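See structure below.
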Amino acid sequence: MGDGLRIRVDWPRKPDPLHKVMVDYYVGVRRAIAEGKSGYGENMEFEAQASTSQWIRGFTDQGETIRGTARLYDVEVAAVFDGKGAQVNACVDESDVTVVSASTGKPIARQPDWMRKPYFQTVLAHRADDGVWRIRTSQTEQGRCT
C-alpha cells in the first residue's frame, strides 16, 4: 500500500468480523500516512476520528511518511459488551518500518523509539443502530507483545 509500505496481517484461525474492525483501522491509518493524507475517519466516531487525524497530521504536516513492512498479529476479540460494545486487541511490529522524508525518501535523523519494539494496541468499538461497528477510541501500550 502506498509507496513502499507493506502490512502483513496474521489472521486468527477462526476470524471474527470484529477482527476486521481492528485490521481496517490499523491499515487505514497507516495508508493515510503513506499517502500523505490529512486524516482518516472510516467507521470511527467523531472524537476518535479527530485524535487519529491529528496523529496522522503529526507525520504529514512535517513532510514525513512511512516505508517498510509492518506486522499485525495476535488479533483477538478480548470482550463483547451486550452486543453493542467490543474490545479488540492486537500486537503490532513496526521494527521494519522507517519514517522518511516524503520529498526525498531519506530516513529522518531521529526515528521514533516506540516503533523499534512490538507494542500492544487496543481499540474499543461501538455498534451503532445501523449495525456498523465504529471505533470509539484506541490506545497503545509497550511491553505486552514479543
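What the table below lists for this structure:
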quantity	calculated
Whichever lysines have a C-alpha closer than 28 Å to that of Lys14, once near sequence neighbours (fewer than 8 apart) are set aside	Lys84, Lys117
GNM top mover of Ala109, Ala32, Ala125 - the chain, alpha-carbon springs below 10 Å	Ala109
Inter-centroid distance (Cα atoms) of region 43-73 relative to region 120-146, Å	15 Å
Assigned charges on the beta-carbon of Lys, Arg, Asp, Glu; the chain dipole about Cα centre (debye)	360 debye
Protection proxy ranking of 3-15, 71-83 - average other beta-carbon atoms within 10 Å, highest first	71-83, 3-15
Spatial extent of the chain: Rg and Dmax, with the Cα atoms as the point set, Å	15.2, 50
Calculated P(r) tail over 15 Å for region 1-68, as whole % of Cα pairs	55 percent
Amide H partners (placed H, <5 Å) of Val97, local residues excluded	Thr69
For region 94-105, Karplus couplings with θ = phi - 60° (6.51, -1.76, 1.60), whole Hz, Gly/Pro x	10, 5, 9, 9, 10, 7, 10, 5, 5, 7, 9, x
Qualifying aspartates and glutamates (Cα of each under 14 Å from Cα of Lys20; at least 8 residues distant if same chain)	Asp10, Glu42, Asp74, Glu76
Separation of alpha-carbon centers, region 1-32 and region 84-105, rounded to whole Å	10 Å
Cα-based reach from Lys106 at 17 Å (exclusive), listing aspartates and glutamates while leaving out same-chain residues under 8 positions away	Asp3, Glu35, Asp61, Glu64, Asp96
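Only the coordinates and a few stated rules stand behind these numbers; no lab work does. Remember, it's a predicted structure, so these values are computed and weren't measured experimentally. All Cβ positions, glycine included, derive from the backbone under ideal geometry; neighbour counts span all protein chains shown.
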